[in-house]
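Please read the structure below before turning to the comments.
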Amino acid sequence: MPIHDLPIGVFDSGVGGLTVLAAIAGLLPDEHLLYLGDTARVPYGTRSPETVVRYSERVAGHLMGRGIKALVVACNTATTWALPALEATGREHGVPVLGVIEPGIQHALALTRSGHVAVIGTEGTIRGGRYADRLLELRPELRVEQVACPLFVGLAEEGWAGDDPIALLAARRYLAGLVDGPDTVILGCTHYPLLEPAIQAVLPGATLVDSAQATAQATRAMLQVQGLLRPAAGARRVHYLVTDNVERFASTAASFLGHQPELVEGARHPELVDIDERDHLHWRSALKGQPAA
Ligand code: DGL
């Protein structure tokens, strides 16, 4: 099969990365897509950096083992801790790798007028400080605030998103310190766009930056540069993998992808996969042409 016919791999700890998948699907309608939600291990945001790297490497290994032409890390926590490791693996196997942080930053920089920017994300993403470091590296005069909102991930996974009263209460509690503050707020977790109505209700004057669109554009640019875009040649396929809780993923995903019938159809029947350590070792050995351990 020609390389450009392979799918783009996209992964997250759960349903959050679907916000990025939907943006990529919209911008690149001819591309085959392979999404993996690591629902057996969600949340990533409260785990140690070492654990996030280990989980991310297993997921990336599984996707590369199935055959992908590019990998989009649709998870800020995984991008924060594991991007360099995943890029190194990608280089080894000729698979370009893209994270969500840099595209989101570029988008925020283009939008802010006051120079006061906030980043909200998981505990891991905020502790890792990649957003703040990079924003200040690019524009040292910025004022950058960071707030971890760990409950948002559980709310999104539960389907209590949108402007659900519980989402609204959580947003009020977490974001109280930002009211009348930043003009630009980066949703530094791919689950958070699902709570956008609640976040916007608490911060009506702020522009919310969802990195999904910017990441989709960066994905297109990356494929273009590498000559990997799929020519319009027949319908594309969208396939979903999850590591646990197929039904829960299917129902939550379908409600979030409501405006994209083609994506919803695929999400209704995700495939359950086991990405344990043995598979990972097997994949590494197979790629290196060695017998599996
Ligand atoms: N959606 C992910 C992120 O962007 C991870 C959330 C989690 O698993 O804690 O950070």
### Query
Only one residue in Pro165, Pro140 is open to solvent by 70 Å² or more (accessible area, probe 1.4 Å), more than 15 Å from Tyr192 (Cα to Cα) and either modelled with pLDDT under 95 or of a type in the set (Phe, Trp, Tyr) (or both). Which one?
Pro165
### Message
Every residue in segment 1-21 that is surrounded by fewer than 24 Cβ atoms within 10 Å (Cβ to Cβ) and modelled with pLDDT of 95 or more, please.
### Response
Leu6, Pro7
### Task
Check off (1) crowded, with 18+ Cβ neighbours inside 10 Å; (2) within 27 Å of Ile199 (Cβ to Cβ); (3) away from the ligand (no atom under 16 Å from the Cβ); (4) basic (Lys, Arg) for Lys69 and give me the number that stays unchecked.
(2)
### Message
Can you pull out every residue in segment 27-85 that is without any contact (Cβ under 8 Å) to a residue 40 or more places away in the chain and of a type in the set (Asp, Glu)?
### Response
Glu50
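Could you please give the count of residues in segment 11-50 that are within 16 Å of the ligand (Cβ to nearest atom), under 19 Å from Val264 (Cα atoms) and of a type outside the set (S, T, N, Q)? Before you say what the answer is, go through the steps one by one.
Here is the first cut: in segment 11-50, the ones within 16 Å of the ligand (Cβ to nearest atom) are 11-24, 35-50.
Right, trim to under 19 Å from Val264 (Cα atoms) and you get 11-24, 35-39.
Within this subset, residues satisfying the condition of being of a type outside the set (S, T, N, Q) are 11-12, 14-18, 20-24, 35-38.
Qualifying residue count, segment 11-50: 16.
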#### Entry: Selection from segment 164-205 of residues that are among the hydrophobic types (A, V, I, L, M, F, W, C), touching a strand residue (DSSP E or B) at 6+ places or on another chain (Cβ under 8 Å) and more than 26 Å from Gly37 (Cβ to Cβ)
Leu175, Leu178, Leu203
### Message
Take residues that are of a type in the set (Val, Ile, Thr), in contact with a strand residue (DSSP E or B) (Cβ under 9 Å, 6 or more places away or on another chain) and at pLDDT below 90 and tell me which of the helices (runs of 4 or more DSSP H) falling wholly in segment 237-293 contain 3 or more.
### Response
none
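The values are calculated or read from the model by the stated rules, or taken from the named source; none is laboratory data. On a predicted model such as this, the values are computed, not experimentally measured, just so you know. Quick reminder, even Gly has a Cβ in these numbers, built from the backbone with ideal geometry, and neighbours come from all protein chains shown. To get the accessible areas, we keep the full protein, side chains included, count just its heavy atoms, and leave off ligands, DNA and RNA. Shrake-Rupley method; radii C 1.70, N 1.55, O 1.52, S 1.80 Å.
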